Protein chains: 2
Amino acid sequence: MSEKANHRKKQYHHGDLKEALITAGLAILAEGGAEALSLRETARRAGVSHSAPYRHFQNKEQLIGAIAAEGFRRLTKALSDAIALGGGRFHEELRLSGRAYVEFALNNPEHLKVMFSIKRFVPGHDCIHGVEDLDAFARIAGVFERAQAEGIIPTDQPPPALALLAWAQVHGMSHILIEKQIPPGTISLESALSLIDSWVVFMCRGLKAL
Amino acid sequence: MSEKANHRKKQYHHGDLKEALITAGLAILAEGGAEALSLRETARRAGVSHSAPYRHFQNKEQLIGAIAAEGFRRLTKALSDAIALGGGRFHEELRLSGRAYVEFALNNPEHLKVMFSIKRFVPGHDCIHGVEDLDAFARIAGVFERAQAEGIIPTDQPPPALALLAWAQVHGMSHILIEKQIPPGTISLESALSLIDSWVVFMCRGLKAL
DNA sequence: CAAAATAAGTTGACATTGTCTACATTTACT
DNA sequence: AGTAAATGTAGACAATGTCAACTTATTTTG
């Protein structure tokens with residue numbers, strides 16, 4: 001019946017409440033957005049009392065952190081897949097991963113909002129433990145690193161700097177779109193993605209000219 | 001003593017509570033961040049009862065909207081000033097306005113967060129009335145429009161598309177930095193700003209090559 | 001294997017917040 | 001002056017994050 005902990009029907013101990021709370025949180029995000037995401041509601045969905053989550057998370061921030069970490073894992077996978085499709089060609093790797101980022105954002109807007117709302121790297125608020133969350137950035141940096149190693153782009157700028165620039169470009173586009181900061185109907189998903197294509201063209205030309 | 005409404009010392013009617021609430025909200029933002037911004041706290045700071053704000057704002061969202069509108073006004077001014085410093089040279093206008101955007105963001109991080117958290121253009125949630133909020137975007141679009149008119153860049157892409165790309169670049173950089181999504185000390189303000197410079201170089205080269 | 005320790009869940013409480021309704025006071029307009 | 005409108009207050013309500021005290025299941029161990 002239940003996905004996990006299918007030992008007995010109804011028992012005092014849930015079995016894997018921690019996972020269940022994260023799953024519930026994701027469902028709330030998808031249905032009601034980040035505003036609807038409350039500790040008590042996740043508990044309700046998991047079928048436990050309102051303070052049960054405190055046995056698995058220090059506070060709300062930590063639950064949000066776990067949900068965000070799952071998001072970073074998925075984003076990293078999406079980017080890795082996109083890069084793999086590039087087949088080692090710098091231009092295509094950059095283009096496809098850029099599109100993948102924006103597509104991930106528009107398909108999971110509330111999840112991305114949560115991912116960027118947590119206080120990472122803030123002392124005393126380290127919601128995400130482990131380094132898997134930096135993998136997404138490392139993937140992008142890797143694209144530039146390889147291109148430099150192959151002599152396709154100049155080694156003028158360090159890969160992390162170029163990666164930050166690229167990340168900022170696709171993230172900015174994503175954020176503006178998912179926060180609906182431009183009038184609706186102004187731009188379609190396809191136009192936004194083709195703008196990313198144009199940006200890659202600019203970047204490649206600009207880099208080569210160095 | 002008081003900035004506004006200096007008619008009498010203590011009176012039942014505040015005089016200009018609406019403005020006072022917005023000012024209080026800005027102070028809360030600067031001191032305690034967006035999390036600390038509550039209706040009741042703004043009322044407290046303005047020295048009125050907890051429900052007095054409801055005489056001037058339908059709900060919390062509308063107060064936030066007014067605070068955000070003030071932010072857009074200030075951002076627009078910062079961008080206009082930066083563009084003016086460019087002296088009509090496309091490259092400098094783009095570079096200085098880009099730097100101005102990132103500087104505004106890093107100097108007013110919580111304000112920018114609020115500006116991008118409101119539901120603009122969402123039916124039933126139009127927190128900002130009037131069009132002054134779109135002026136910032138229009139300023140950037142104007143830079144490209146003039147450059148096209150002068151034949152400095154190709155007319156291949158419409159100005160709004162180029163403006164969106166540019167906006168996304170500087171906004172993405174700002175958002176990543178103010179949300180502290182990269183390890184602290186990884187990049188300094190100066191490095192971030194010089195990255196913007198590099199981006200302008202890429203853009204100009206990329207555009208000219210079209 | 002029984003007993004003790006620990007992990008996991010529950011109940012009830014508290015302060016804070018956004019919001020609503022009913023009421024009070026001040027200002028504006030005839 | 002006297003009424004209507006604008007503005008502010010007081011009190012209530014439900015929802016939320018969090019904590020302390022208690023209960024129940026599981027694990028460890030003598």
Next on the checklist: Testing A:Val122 on (1) at the interface with another protein chain (Cβ under 7 Å from one of its Cβ atoms); (2) surrounded by 17 or more Cβ atoms within 10 Å (Cβ to Cβ), one condition comes back false. Which one is that?
Outcome noted: (2)
Checklist entry - Would you call A:Ala141 in contact with an Asp or Glu (Cβ under 9 Å, 6 or more places away or on another chain) and more than 10 Å from every other protein chain (Cβ to nearest Cβ)? => result no
Item to check | Close pairs from segment B:24-43: first over 13 Å from B:His111 (Cβ atoms), partner open to solvent by 30 Å² or more (accessible area, probe 1.4 Å) and within 10 Å of DNA strand C (Cβ to nearest atom), Cβ under 8 Å, at least 6 apart | outcome: B:Ala24/B:Glu41; B:Ser38/B:Lys60; B:Leu39/B:His50; B:Leu39/B:Lys60; B:Arg40/B:His50; B:Ala43/B:Ser49; B:Ala43/B:His50; B:Ala43/B:Ser51
Item to check | Checklist (1) surrounded by 22 or more Cβ atoms within 10 Å (Cβ to Cβ); (2) under 18 Å from the mean Cα position of the chain (by Cα); (3) within 16 Å of DNA strand C (Cβ to nearest atom); (4) not polar (S, T, N, Q) applied to B:Leu112, failing item | outcome: (3)
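Within segment B:125-137, does at least one residue satisfy the condition of being out of contact with any Pro (no Cβ under 6 Å at 6 or more places or on another chain), more than 7 Å from every other protein chain (Cβ to nearest Cβ) and at positive phi? Reasoning before the result, please.
To start, the set of residues in segment B:125-137 that are out of contact with any Pro (no Cβ under 6 Å at 6 or more places or on another chain) comprises B:125-137.
Retained after the next criterion (residues that are more than 7 Å from every other protein chain (Cβ to nearest Cβ)): B:125-137.
Filter again for at positive phi, leaving B:130.
There is at least one residue in segment B:125-137 that is out of contact with any Pro (no Cβ under 6 Å at 6 or more places or on another chain), more than 7 Å from every other protein chain (Cβ to nearest Cβ) and at positive phi.
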Checklist entry - In this structure, does A:Ser198 turn out to be facing chain B (nearest Cβ under 7 Å) and either modelled with pLDDT of 95 or more or open to solvent by 20 Å² or more (accessible area, probe 1.4 Å) (or both)? => result yes
Checklist entry - Only one of these conditions is not met by A:Ala24: (1) open to solvent by 40 Å² or more (accessible area, probe 1.4 Å); (2) modelled with pLDDT of 95 or more. Which number is it? => result (1)
Checklist entry - Does segment B:174-181 contain at least one residue that is within 12 Å of chain A (Cβ to nearest Cβ), in contact with a His (Cβ under 6 Å, 6 or more places away or on another chain) and not aliphatic (A, V, I, L, M)? => result yes
Next on the checklist: Condition check: more than 11 Å from DNA strand C (Cβ to nearest atom), part of a helix (DSSP H, G or I) and among the hydrophobic types (A, V, I, L, M, F, W, C). Does B:Ala43 satisfy that?
Outcome noted: no
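Do we find that B:Pro154 is over 20 Å from B:Ile83 (Cβ atoms) and in contact with a Phe, Trp or Tyr (Cβ under 7 Å, 6 or more places away or on another chain) in this structure?
Values: over 20 Å from B:Ile83 (Cβ atoms): yes; in contact with a Phe, Trp or Tyr (Cβ under 7 Å, 6 or more places away or on another chain): no.
Here the answer is no, as B:Pro154 does not meet what is asked.
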Next on the checklist: Within segment B:150-162, does at least one residue satisfy the condition of being open to solvent by less than 10 Å² (accessible area, probe 1.4 Å), assigned to a helix (DSSP H, G or I) and not assigned by TED's automatic domain parsing to the domain that holds B:Glu35?
Outcome noted: yes
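The values are calculated or read from the model by the stated rules, or taken from the named source; none is laboratory data. In this text, all values refer to a predicted model and were calculated from it rather than measured experimentally. All Cβ positions, even for glycine, are placed from backbone atoms using ideal geometry, and neighbour counts span all protein chains on display. The accessibility values were calculated without ligands, DNA or RNA, using every heavy atom of the protein model including side chains. Shrake-Rupley method; radii C 1.70, N 1.55, O 1.52, S 1.80 Å.
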